[in-house]
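Colleague: Before I ask anything, here is the structure I am working with.
The values are calculated or read from the model by the stated rules, or taken from the named source; none is laboratory data. If you're wondering where the values come from, they're calculated on a predicted model, not measured in any experiment. As a convention, Cβ positions derive from the backbone with ideal geometry for all residues, glycine included, and neighbour counts pool all protein chains shown.
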């Protein structure tokens, strides 16, 4: 039987679920969970999607993801493939790790979004150690929501959902805790097929979605203006002085207009696609370590 076509839009918010095949645990130790979050962060930098909540259990993962103009299939394919390659190398195995495709459900309204975040953050209550203290589970964003720990990977935009629970952060956190403990068993089916009239918070304009149809030369002109380098100098790849700037530009082009490496190669005087891929990865490392992040933030902000 053919697979059901995935409902997709660059403006959607999704509940993402990934599971390992039945005979294998997705995470065998804490380092595996850290590595999965690491890959989430790398692809977040590359595609500039938003993560509103997460929980990593031993055999599955829940995410609330705002595509923010990006292709959710490309995002999850990249994350899952990178993690599967890491996992197979580490445990000297071959073959599939994940159970078919990832599952994605569109979040239609605020009631569903609130219920979903509570459901995800209550997942650790299935573990005896965290039955009454899900906020202490390190691989969920609940502790970050409640201000009990730092977001060490800087991947969660928790305020988006938390603001639905109160006008101040203190009030919202207090109310969120009450919802967590009063709703340990939520039937999401009730919310998935409902439609709340109050959907302003999910409005596309309110969320400032970045649509990725920006002309590549417009990105180039803005980038060169920001770094104050001539086009001739920038395109002269034999001059290594600007290699880091070129890396960041390649990342921005991939981020803001989904340009392929083939198109980028033609755009940059036929530089090899493998070298462009290497530079993109180098740029992600830079941003992850807060180098050139001012340029990255400026470019993103210019097209919001």
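Residue-wise test of (1) under 19 Å from residue 70 (Cβ atoms); (2) loosely packed, with under 14 Cβ neighbours inside 10 Å; (3) under 21 Å from the mean Cα position of the chain (by Cα); (4) outside the structural domain of residue 42 (by TED's automatic domain parsing).
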residue: 226; (1), (2), (3), (4): no, no, no, yes
residue: 235; (1), (2), (3), (4): no, no, no, yes
residue: 242; (1), (2), (3), (4): no, no, no, yes
residue: 254; (1), (2), (3), (4): yes, no, yes, yes
residue: 261; (1), (2), (3), (4): yes, no, no, yes
residue: 264; (1), (2), (3), (4): yes, no, no, yes
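Colleague: If you don't mind, there's one more thing I want to ask. In the range 27-56, what residues are in contact with a helix residue (DSSP H, G or I) (Cβ under 6 Å, 6 or more places away or on another chain), assigned to a loop (DSSP other than H, G, I, E, B) and over 20 Å from residue 283 (Cα atoms)?
Modeller: Across the range 27-56, the qualifying residue is only 27.
Colleague: Can you tell me which residue is farthest from residue 115 (Cα to Cα) among those in the range 135-157 that are out of contact with any strand residue (DSSP E or B) (no Cβ under 7 Å at 6 or more places or on another chain) and in a helix (DSSP H, G or I)? First the steps, then the outcome.
Modeller: Just the residues of the range 135-157 that are out of contact with any strand residue (DSSP E or B) (no Cβ under 7 Å at 6 or more places or on another chain), to begin with: 135-138, 142-143, 145-154.
Narrowing the set further to residues that are in a helix (DSSP H, G or I) leaves 135-136, 142-143, 145.
Details: 135: 17, 136: 20, 142: 14, 143: 17, 145: 15 Å.
Checking each candidate, the answer is 136.
Colleague: On to the next question. Which pairs do you get when a residue that is over 16 Å from residue 48 (Cβ atoms), found in the range 58-69, comes within reach of a residue that is in a loop (DSSP other than H, G, I, E, B), reach meaning Cβ atoms under 6 angstrom, with the pair 6+ apart or on two chains?
Modeller: 58/25; 58/27; 59/25; 59/26
Colleague: Something else about it: Could you grab the pairs with beta carbons closer than 7 Å, sequence gap of 6+ or different chains, first residue in the range 131-147 and assigned by TED's automatic domain parsing to the domain that holds residue 61, second one crowded, with 20+ Cβ neighbours inside 10 Å and assigned to a loop (DSSP other than H, G, I, E, B)?
Modeller: 134/122; 141/158; 144/158; 145/158
Colleague: A follow-up question, please. Looking at the range 158-212, which of its residues are assigned to a loop (DSSP other than H, G, I, E, B), in contact with a strand residue (DSSP E or B) (Cβ under 9 Å, 6 or more places away or on another chain) and either modelled with pLDDT under 95 or surrounded by fewer than 16 Cβ atoms within 10 Å (Cβ to Cβ) (or both)? If you could, list the steps in order and put the result at the bottom.
Modeller: Narrowing the range 158-212 to residues assigned to a loop (DSSP other than H, G, I, E, B): 158, 166-168, 183-188, 193-199, 203, 208-212.
So of that shortlist, the ones also in contact with a strand residue (DSSP E or B) (Cβ under 9 Å, 6 or more places away or on another chain) come out as 158, 188, 209.
Within the range 158-212, 188, 209 qualify.
Colleague: Does the range 61-75 contain at least one residue that is farther than 17 Å from residue 44 by Cβ and surrounded by 14 or more Cβ atoms within 10 Å (Cβ to Cβ)?
Modeller: Checked against the condition, which is being farther than 17 Å from residue 44 by Cβ and surrounded by 14 or more Cβ atoms within 10 Å (Cβ to Cβ), the range 61-75 yields no hits at all.
Colleague: Among the residues of the range 103-120, which ones are in contact with a strand residue (DSSP E or B) (Cβ under 6 Å, 6 or more places away or on another chain) and under 14 Å from residue 54 (Cβ atoms)?
Modeller: 116, 117, 120 - these are the residues of the range 103-120 that are in contact with a strand residue (DSSP E or B) (Cβ under 6 Å, 6 or more places away or on another chain) and under 14 Å from residue 54 (Cβ atoms).
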